[in-house]
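The values are calculated or read from the model by the stated rules, or taken from the named source; none is laboratory data. Here the structure is a predicted model, which means the values were calculated and not measured. When we count neighbours, we look across all protein chains shown, and the Cβ atoms used for this are built from the backbone with ideal geometry, even at glycine.
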Amino acid sequence: MVDFIKRDKDDIYGKPILGFLFKNQKFLMILKIAVLALFLYALYFGFAHTGKDNNFTWAVFWGIFWSLFMVITLPTLGRVFCGICPHGFMGKYITKLGLKKTMPKWMQNPFIGIFLIVIGWWGIYYMFPGIYRSPLGTAILFTVMTLLSFVIYFLYKDMSYCKYICPIGTLTRAYSKLSFTWLGTYKSACDECKTFECTTACPYNLKPFTFNKRNSMTDCTLCMNCSAACEAVSFKVKKPSFSLFSKFQVQKAEVWAFILILASISITMSFHHGIGRSNAAPDMIWSKTAEFFKGFINFGSVDPIGLFAFLYALLFTIVAAIAGMFIASKILQKDFSKIFYNLGYSYAPLFILGSIAHTLETLFLRGYERIVEGLAQGFGLSVDVASLANRGDGWLHLFGLLKWVAIVWALIILYKRMKLIDAMKMRKIIAYPFAASLIIFFLSVNIYRGYILDTYGRALDGHANHGGGAKVFQSASKDSVLRDFKKRPAQTYKQPTALNSVYFSETNPSAKEGESYGGHRRGGGRGWVPSQKVWPIFEDNIGEKNCISHIDAKLYLLDANLETTKLVPSKEDGCKSVSYKMPDNGYYNLFYVDKIVQDNTLYIKTAKFENMRFNHSNDAIYDEQKMSAHSINEAPFDILRLREDGETFYHRLYSGDKIRVKVLLNSKPIEGATLRLSTLTGWSKTLKSDKDGIAVFTLIKDYFPEWNRFDRRHKSKFVLTANYKEDANATPDGYDSINYEATYSSVYYPEESGYSSYAYGLAAATLAAILSGFIIYFFRRGRKRPFKEVRFDEKD
């Protein structure tokens, strides 16, 4: 045992802050207890709140633990997640109290864990897409795995569950080889060691003092127990994937983990969720196979397209890997098994870096929002946050470069490991492209996916088939982002389908730059009556705003005097608009009411546009009865924005304000309607109406200019969408069901209190910084002491 050692510069334990985070046992214990408490609470929350409004369980398991923490830390810091895993933390104490038997040989098989994650998770996920999306499904899954781990921890010694049964155990061990951290020991101290405290402290019965010599950390989970037992243990920063550039004892399960996870996630996602959402999807082999088997097999609730996309991805990936390595082994004149398992480690970067790209993009688009709001929900708080980015933001495509980095990295690892093989140089050169067959296949799938989407386009109902459906203010596609840099094609017009949400806009979506827009026209002459011009529009599934060339819906206007009149759309060709006069002060409500029958389902759609006229005259009277929210009998389903106490003609909606809305079905409040508020920035919030039909939203603060560029007149748009499905037994005329939808579009302005005092705050902060500098200067000057020379007389 060593009590003190001089650490190298690349040793993380020697850094003041990082050393505390990774080595201090009290901090690590508190962190593990906190993670365990969060884990158990999320399980409880999933069982207690099984509805879709439970975001907390999703935020913990799929937002933080898996997609964010696991995927990002594995190729960077290594298996730090395993070090704080609730199962491993509890398992250490359960094993001490357990029977401590030796696990049977047939169970000491890491392929068990790989089988569980490939078939038990991803296979089931593609067959039953919604099974793990629900809070209850998530809670049941992790409860079963927790109970299973407890049983195995109690029966067997050396944390055997983590080594062989855990679905992500072999996965994390394999992908951690890409990281730039390495736990080892100082050889100079270990050469004289007789007690081996690092080994006795390890709950996995590993020997950290052999890691450097073996060029492998084996099953180390970075629990850091060994570092507390002996100061000779180090945790160093190395070159990424440095251990893959040298010889070590290969593990067959790790290579198969690279192959099967790549097939299960990256390749299947490209097939099913990428190409499967294009107009060419029906012509793909997995779709045709599914249609063939549908002819004589009743799949029930199973998604056959997802199932066969998964099976074909496994088949193609395995064949690409084995065939290429087999040919390479013949060229190199070496045993196939040796070539396959030694060079197979080059597959490591393909999945993990591609997943980081997807994880980061998802985090910026919607993950951050769901995680923050989900965690707030779990602790009884109400927080509304905006997404960190929109899909139309060009910089998001930078994350896509990580896939190309993965390919280059994999080719470099293959080159380095090929050098370790004893064969002629010319044979290595010829064998190299065959050994890289899976890397080339991964590259080809990504190129082919992009080609299909660019050539055939996205299917309009592609997202709806996967649980999406129609949305308003949805994120724009890459094509729509780049359309301003391309030659503008001739304007085409589409008609909304039953799945498209229609809402009113003051902007003509087909207007070219420089053309006039609609909106509130005040006029200038005496006797001039202001008017309003709006366009009913809808967004398709690629984010394009479309106007309507032929309006079949009924149009009604509820004026300031609460009188209802029927309107007609404009007569010009192309984009149809609606105009109306506003002679009196007060609110004007425009209604668009449509009925569509599709697949024996009746869709009743209402779009509402509410705006106020105020002429600023002294004789204007704010009549609360007239100015309150109203509906009309002609609109079966409607959204009312309830007025707040003290509202006047000068009322405006500002970011941070609360919006109380009421949903009416046949003029009566309806409970359980789904309401979604969406803004142009991509932020959205979904709530359910209460027994009084009411839901309360908080407008997100999404306008953050520099303080000297703040524009109080800046307008942001939002759309409220309400949906309700009526029971089939209650529907007339033999419809299977009736789907109601209503939209309410309006604008809000930036809240300026934070900017009005910004200059004063900046001045105060600057002054405080200057004063602090003077105080620190004089304090340090006062601590200086004059040098005193001390002499010793050696004669005395």
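Ile327 falls short of the stated requirement of being over 20 Å from Ile275 (Cβ atoms) and within 26 Å of the chain's Cα centre (by Cα). Given the conditions (1) free of Cβ contacts under 8 Å to residues at least 12 places away in the same chain; (2) buried (at least 21 other Cβ atoms within 10 Å of the Cβ), and given that Lys9 satisfies all but one, which numbered condition is not satisfied? It is condition (2) that Lys9 fails.
Table: residues versus (1) touching a residue at least 24 places away in the same chain (Cβ under 8 Å); (2) assigned to a helix (DSSP H, G or I); (3) surrounded by fewer than 17 Cβ atoms within 10 Å (Cβ to Cβ); (4) assigned by TED's automatic domain parsing to the domain that holds Arg676.
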site	(1), (2), (3), (4)
Phe61	yes, yes, no, no
Ile72	yes, yes, no, no
Leu99	yes, no, yes, no
Ile131	no, no, yes, no
Ala139	yes, yes, no, no
Leu147	no, yes, yes, no
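Gly83 satisfies every condition listed in (1) assigned to a helix (DSSP H, G or I); (2) over 19 Å from Lys157 (Cα atoms) except (2).
Filter the range 532-545 down to residues that are assigned to a strand (DSSP E or B) and surrounded by fewer than 20 Cβ atoms within 10 Å (Cβ to Cβ) and give me whichever is modelled with the lowest pLDDT. Filtering the range 532-545 for residues that are assigned to a strand (DSSP E or B) and surrounded by fewer than 20 Cβ atoms within 10 Å (Cβ to Cβ), the one modelled with the lowest pLDDT comes out as Lys545. The residues of the range 275-287 that are in a helix (DSSP H, G or I) and either in contact (Cβ under 8 Å) with a residue 12 or more places away in the chain or over 19 Å from Val445 (Cα atoms) (or both), listed by number, are Ile275, Gly276, Arg277, Ala281, Ile285, Trp286, Ser287.
Please list, ordered by first then second residue, the pairs with beta carbon atoms under 7 Å, 6 or more apart or interchain, first in the range 307-318 and at pLDDT below 95, second among the small types (Gly, Ala, Ser). As it stands, the answer is none, since no pair meets every condition given.
Residue by residue, here is whether (1) part of a loop (DSSP other than H, G, I, E, B); (2) surrounded by 13 or more Cβ atoms within 10 Å (Cβ to Cβ); (3) modelled with pLDDT of 90 or more; (4) among the hydrophobic types (A, V, I, L, M, F, W, C) holds:
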residue: Asp690; (1), (2), (3), (4): yes, yes, yes, no
residue: Ala695; (1), (2), (3), (4): no, yes, yes, yes
residue: Asp711; (1), (2), (3), (4): yes, no, no, no
residue: Asn729; (1), (2), (3), (4): no, no, no, no
residue: Pro732; (1), (2), (3), (4): yes, no, no, no
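Among the residues of this structure, Asp3 does not count as one that is in the same structural domain as Met145 (by TED's automatic domain parsing), acidic (Asp, Glu) and surrounded by fewer than 20 Cβ atoms within 10 Å (Cβ to Cβ). For the range 189-199, a residue qualifies if it is in a helix (DSSP H, G or I) and not small (Gly, Ala, Ser), and the qualifying residues are Cys190, Glu197, Cys198, Thr199. Determine whether Lys566 is among the basic types (Lys, Arg), more than 41 Å from the chain's Cα centre (by Cα) and closer than 26 Å to Ala498 by Cα. Yes; evaluated as a whole, the condition is true for this residue.
Summed over the range 165-188, the residues that are in contact with a Phe, Trp or Tyr (Cβ under 9 Å, 6 or more places away or on another chain) and assigned to a helix (DSSP H, G or I) give a count of 8. Would the range 219-232 turn up any residue that is within 32 Å of the chain's Cα centre (by Cα), assigned to a helix (DSSP H, G or I), within 29 Å of Met90 (Cβ to Cβ) and assigned by TED's automatic domain parsing to the domain that holds Lys92? No, the range 219-232 has no match at all. Once the range 742-769 is narrowed to residues that are part of a strand (DSSP E or B) and β-branched (Val, Ile, Thr), the residue that is modelled with the lowest pLDDT is Val747.
Condition check for Ile259 on (1) more than 21 Å from Thr172 (Cβ to Cβ); (2) of a type outside the set (D, E, K, R); (3) in contact with a Gly (Cβ under 8 Å, 6 or more places away or on another chain): one failure, at (1). For residues that are assigned to a helix (DSSP H, G or I) and in contact (Cβ under 8 Å) with a residue 24 or more places away in the chain, scanning just the range 200-216, find the one that is surrounded by the most Cβ atoms within 10 Å (Cβ to Cβ). So, considering only residues that are assigned to a helix (DSSP H, G or I) and in contact (Cβ under 8 Å) with a residue 24 or more places away in the chain, the one surrounded by the most Cβ atoms within 10 Å (Cβ to Cβ) is Pro208.
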